[in-house]
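Everything on this sheet refers to the single structure shown next.
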Amino acid sequence: MKPENDPDQIKNLEAKLGKLSKVTLSQNFPSWDDLSRREIKYPELYSSSETKTNLIRFPHKGKFLIGSALLAAASFTIVFLLNRTPSDVPSNQVAEVTPAFASVPAPQFNLLLGSISQSKGKNKLKKSDEMEIPMQNGMEVSAGDRLLVGKSGTIDISFPNHVFVRVLGDTEIEIVDSKSLLDSTQQLIRIWRGKVLITLGKLTKDSSFQIASGQVDTMVRGTTFSVSYDGKTTQTIAVREGSVSVVAANQEESVIEPGKQIQYTDTVPSPVQDIAIKEDKEMKALQTQVTLTREAKLYAEYSRLELVRMEDGTEYRGVIMGQSATHLHLETTEGRLEIPIGKIQETEKIR
């Protein structure tokens, strides 16, 4: 048996521990009464806690601000060094290094050029800062060009967005704006004097076509109409198909419906009237010519031409390209159409 497990030895140790030593018996310990009358050595440890406001203090505020300023300065220095362009790097590569700081570039429009499809008479074209040159078939016109038509002359201008303009005799116009961006186009033609006939297909949602004459603006989305201006105070707007919106200075907007015309004198409109017979014949001839020309191009490309007649009597001419479960796809002179099959009465081959 191990000594530390001997019960007699353990009993002897317990007896010794139960007796106080001579050193302990020689000490004079204070009583509880004496302790209660003594002064407290560390009173702050026994004082009752006081209510304090819930504030966060910065005992070294000045040092904190100085440190923050130094940290911010160091950060800007690092950013500057990282984005600094080396002397041997071309300037056109800076935007690639720091794209986050580059401004968003403006949209890049493309010029929408018109083509002189027909020129009759003594007509002239004036480019920006250039002399007048004789007008010839096939010439291109763009924004900034002025077109001057002789007294007995006419010119036809076609644009790729299905806009066709016929400029009659003794007329001067300016192509102020003609541009495109993706599927949208913006065009503005100013009439300084004379008369123009216009036919255009339905424009896309973000497109615009506008004619300005004097202080009167004519805006359309798809129609056949004419605008005449005496160069001084009087403008006449006539509509054969579709509708146009006319806005004159200090006047409310007027909407001219098919078969109607309106005249402005010093920006004051007259009552809307039925379209004049001469106006209607001029626009009908233009519309027929443009339609036949465009249909001839379709036939040359696809070797066929078809007619789609709707239940309400509407007719569409073009080339059937195919169909889905609900719509017929028809390529027309004004672009691709999707026609509901349920509303089609019949189709037939024109040639």
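The values are calculated or read from the model by the stated rules, or taken from the named source; none is laboratory data. These numbers come from a predicted model, not from an experiment. Here the Cβ positions follow ideal geometry from the backbone for every residue, glycine too, while neighbour counts run over all protein chains shown.
Numbers at a glance
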item: Any chance Leu292 is hydrophobic (A, V, I, L, M, F, W, C), at negative phi and surrounded by 13 or more Cβ atoms within 10 Å (Cβ to Cβ); result: no
item: Verdict on Asp177 being assigned by TED's automatic domain parsing to the domain that holds Ala238 and outside any loop (DSSP other than H, G, I, E, B); result: yes
item: Residue check, Gln215 within 22 Å of Val290 (Cβ to Cβ) and either in the same structural domain as Val163 (by TED's automatic domain parsing) or in contact with a Pro (Cβ under 7 Å, 6 or more places away or on another chain) (or both); result: no
item: Selection count where residues are surrounded by fewer than 21 Cβ atoms within 10 Å (Cβ to Cβ) and either assigned to a strand (DSSP E or B) or touching a Gly at 6+ places or on another chain (Cβ under 8 Å) (or both), scope the stretch 213-222; result: 4
item: The stretch 160-174: number of residues that are within 26 Å of Gln108 (Cβ to Cβ) and at pLDDT 95 or above; result: 2
item: The lone exception for Lys232 - which of (1) surrounded by fewer than 16 Cβ atoms within 10 Å (Cβ to Cβ); (2) part of a strand (DSSP E or B) it fails; result: (2)
item: Members of the stretch 164-200 that are touching a helix residue (DSSP H, G or I) at 6+ places or on another chain (Cβ under 6 Å) and either without any contact (Cβ under 8 Å) to a residue 24 or more places away in the chain or small (Gly, Ala, Ser) (or both); result: none
item: Hits in the stretch 288-313 - residues which are touching a residue at least 12 places away in the same chain (Cβ under 8 Å) and assigned to a loop (DSSP other than H, G, I, E, B); result: Arg304, Leu305, Glu311, Asp312
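Results for (1) within 22 Å of Gln287 (Cα to Cα); (2) at pLDDT below 95; (3) touching a Gly at 6+ places or on another chain (Cβ under 8 Å), shown as yes or no for each residue.
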position	(1), (2), (3)
Gln93	no, yes, no
Val104	no, yes, no
Pro107	no, yes, no
Asn123	no, no, yes
Lys127	no, yes, yes
Glu130	no, yes, no
Val149	yes, no, yes
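Yes/no matrix, rows are residues, columns are (1) assigned by TED's automatic domain parsing to the domain that holds Thr333; (2) within 16 Å of Thr199 (Cβ to Cβ); (3) crowded, with 16+ Cβ neighbours inside 10 Å:
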residue: Lys124; (1), (2), (3): no, no, yes
residue: Ile133; (1), (2), (3): no, no, no
residue: Glu140; (1), (2), (3): no, no, no
residue: Gly153; (1), (2), (3): no, no, yes
residue: Val167; (1), (2), (3): no, yes, yes
